[in-house]
Amino acid sequence: MKLTSSSIVALLAAIGTAIPTPVAVEKRAVTLTGTWGSIETGGFVLYHNDWDAASATSGLQTTTFDSLTEGSLVWSTRWTWVGGYGSVKSYSNVAKETINKKIADITSLNSVWTWRYSEYSNMVSDVSYDIWLAPSVGANHNVRVPSLLTTLLMIRVPGRSRSSLLQSCVQKYATQARTKSTSQYEIMIWPGVYGGAAPITSTGNTIATPTIAGTQWNLYTGPNGDTTVFSFIPSGSNVGDFSADLKLFLNYLTSNQNVATSNVVDRIQAGTEPFEGSNALFTTYKYTLTVV
């Protein structure tokens with residue numbers, strides 16, 4: 001078939017519309033739906049990312065970009081998820097991508113995150129940073145997939161503690177990933193946790209209780225496929241007005257948990273992971289992240 005100039009233009013246009021790309025905006029409010037809906041603005045990408053909505057028996061989620069002012073993002077997500085107990089349904093988040101700097105070459109990762117959950121019922125969720133460390137530049141992580149391990153972390157059995165359940169089951173299923181990844185480490189910092197949401201852990205027990213950025217944290221670790229996950233969970237109350245240098249968490253891991261400073265920070269995300277609940281509204285009133 002001979003392609004005319006007009007048919008080539010039409011073909012290229014069709015190809016372009018078939019590949020989803022972030023919508024670039026600055027200050028107009030935009031609401032996202034669709035699993036991979038996203039908005040690019042001010043060096044960040046806001047993702048809707050209801051990646052495991054199919055595990056729910058019913059539910060709906062929307063994510064709204066509100067504004068970007070002097071490097072500070074305002075956004076929200078509203079959701080209801082029913083069923084699929086123990087499964088994370090989504091991770092609406094704002095991401096700073098392709099950072100591609102070795103830990104040793106980073107001076108600071110200063111971040112301010114003012115957030116609140118409101119209007120919720122029977123909610124199980126977390127509020128979390130997700131820092132991905134790759135062994136080299138370009139070894140990026142891939143899309144999350146559900147796993148039986150994630151479900152085990154949330155199951156409650158009458159007469160048995162979560163820890164005892166994990167002890168008897170987690171070793172069998174620890175190799176099943178909830179993320180298919182080429183990242184070497186996933187560092188999660190949870191300023192907020194609701195309804196008994198639990199991190200990935202090999203044993204169900206904390207491995208340390210460091211104080212970082214003025215807050216004491218329970219530190220957990222466990223495998224996520226080939227990726228080692230470290231999760232910092234506040235020992236006390238949720239931290240709705242979070243302000244810290246995230247590099248301090250990496251410094252702790254390089255000094256105390258054998259994480260090499262040669263690892264590359266690939267991307268940093270900040271958002272919320274809902275397991276279940278209804279009429280929940282998560283609002284970020286201010287979010288900044290500066291990489292130096």
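How about segment 49-124: which GluC sites (Glu not before Pro) there lie in a loop by DSSP and see at most 15 other Cβ atoms within 10 Å? Walk me through the intermediate numbers first.
Details: sites: 70, 97, 119; in loops: 70, 97, 119.
Of the GluC sites (Glu not before Pro), the ones in loops of segment 49-124 whose Cβ has at most 15 other Cβ atoms within 10 Å are 70, 119.
Counting beta carbons within 10 Å around each of 74, 229 and listing the fewest first gives the order 74, 229. Tell me which trypsin sites (Lys or Arg not before Pro) from segment 25-96 have a DSSP coil assignment and no more than 16 other beta carbons within 10 Å of their own. Listed in order of number, the matching sites are 27, 28.
How would you rank 111, 237, 255, going from fewest to most other Cβ atoms within 10 Å of each one's own Cβ?
Arranged by neighbour count, lowest to highest, 111, 237, 255 become 237, 255, 111.
As a proxy for reagent exposure, ranking 68, 60 by other Cβ atoms within 10 Å from fewest up yields 60, 68.
Taken together, the values in this text are just the output of simple stated rules run on the coordinates, not laboratory data. Because the structure is predicted, anything quoted here is derived from the model rather than measured. Because the Cβ atoms are built from the backbone with ideal geometry, glycine has one as well, and the counts that use them run over all protein chains shown.
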